[in-house]
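Engineer: Below are the structure tokens for one structure; questions will follow.
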Amino acid sequence: MGSADDRGDTPWGNTGVTGSVAMMRTVLEAGPDLSIPNRVGGTPVHPASERAGADYVMLGNHYGYGDTSGRITERTPLDATTRKGRVRAELWREAESAHRAGRLRATEVRAGQFIGAGAYSAFTFLVEPHVLAGELALVHGNPDAVHSFTYIEDAAAALVAATGSETAWGRAWNAPVILATVRQLAQRLAELRGAPEPRLEMLTEREITVLGYTNPLWTEFREMGYMSERPFIVDDSDFREAFGLKASSVAAALRVA
């Protein structure tokens, strides 16, 4: 479980080709080394896709763009310096390299912060439940900075559209986004669900540090703080023009929990 075969593929990668959940569970129980690179120096997904003859469709996010200003398009450099951002950027570079080499067909759909029923994000974790309960919501970042949100059903529709198109492959696409501030979303949520006027306050760095001692999740917010402290505006026009899909309304995304 700690080495690759004569083709340079890993146990986990080979298991993925089978599509067998039972086999994958067995391999995981044996403790495979998931950090071993495959024969192309990347993650196990690529050779698994190659062997199965499957296309590789990635659901990504905006972390790879890094701390940038202005409208963000798919041509914005992947210059992230954060740990999460570098990982996201490298995942796409590996997939793009495999695509260009003709080993598989790859595309990535990059979604914003998720909202909608069943979504798990800073908004649904820190803001939504407190607004609905009429409580003070502590917000990470500036609640009045415009951010790029993606309704989870829009993300699903974007993946389906990209997968079914012959023109989607070999590049990344920004999924449809709703441009709004946290305060705007909170106010619309309250209106739609009959909750009191939202009360929002920014979390201080000291508060995040203290909370980090109780749950490491809180420390993860700090690394990507630039995305919520000032406007982070993503341009989804390439996707809209290519596939004819646009973001749902705020009401559609927030009406049902």
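Only the coordinates and a few stated rules stand behind these numbers; no lab work does. Quick caveat, the model's predicted, so the values are computed rather than measured. Neighbour counts are summed over all protein chains in view; Cβ atoms, including those assigned to glycine, are modelled from backbone coordinates with ideal geometry.
Engineer: Please report the base-10 log of the normalised intensity I(q)/I(0) for region 67-125, using a Debye sum with one equal scatterer per alpha carbon and no solvent, at each q in 0.12, 0.14, 0.21 (1/Å).
Structural biologist: -0.42, -0.56, -1.00
Engineer: Can you pull a Stokes-Einstein diffusion coefficient for region 127-257 at 25 °C (0.890 mPa s), Rh from Kirkwood over Cα pairs, as a whole number of µm²/s?
Structural biologist: Using the Kirkwood radius from Cα pairs, D works out to 149 µm²/s.
Engineer: Something else: Considering only DSSP states other than H, G, I, E and B, which GluC sites (Glu not before Pro) in region 58-145 qualify as loop sites with at most 15 other Cβ atoms within 10 Å? Write down the numbers at each step before the final one.
Structural biologist: Working: sites: Glu74, Glu90, Glu94, Glu96, Glu108, Glu135; in loops: Glu74, Glu135.
Qualifying residues, ordered by number: Glu135.
Engineer: Another question about this same structure. What is the projected area of the convex hull of the Cα atoms of region 104-198, averaged over all directions, in nm²?
Structural biologist: On the way: hull surface 27.3 nm².
Projected area, direction-averaged: 6.8 nm².
Engineer: While we're looking at this one, here's another question. Using only Cα atoms, locate the centre of region 213-257 and the centre of region 133-202, then give the distance between them in Å, rounded to an integer.
Structural biologist: So the separation of the two Cα centres works out to 5 Å.
Engineer: Taking H placed 1.01 Å from N in the peptide plane, check which residues at least 5 places from Glu108 or on another chain put their amide H under 5 Å from its amide H.
Structural biologist: Residues meeting the criterion, in which the H sits 1.01 Å from N, are Met58, Arg171, Ala172, Trp173.
Engineer: When the Cα atoms of region 157-200 are enclosed in a convex hull and the volume is divided per residue, what value in Å³ results? If you can, show how the numbers build up before the last one.
Structural biologist: On the way: hull volume 3.9 nm³, N = 44.
Considering the Cα atoms of region 157-200, their hull volume per residue is 89 Å³.
Engineer: List every residue whose amide H lies under 5 Å from the amide H of His140, counting only residues 5 or more places away in sequence or on a different chain, with H placed 1.01 Å from N in the peptide plane.
Structural biologist: Answer set, sorted by chain and number: Leu203.
Engineer: Given a Förster distance of 41 angstrom, what is the FRET efficiency for Leu211 paired with Arg103, based on the Cβ-Cβ distance and rounded to 0.05? Please list the in-between numbers first.
Structural biologist: Numbers: r = 44 Å, r/R0 = 1.08.
Efficiency, rounded to the nearest 0.05: 0.40.
Engineer: Hey, another quick one. Amide H to amide H under 5 Å from Ala180: which residues, 5+ apart in sequence or cross-chain, H placed 1.01 Å off N in plane?
Structural biologist: Residues meeting the amide H criterion: His147, Phe149.
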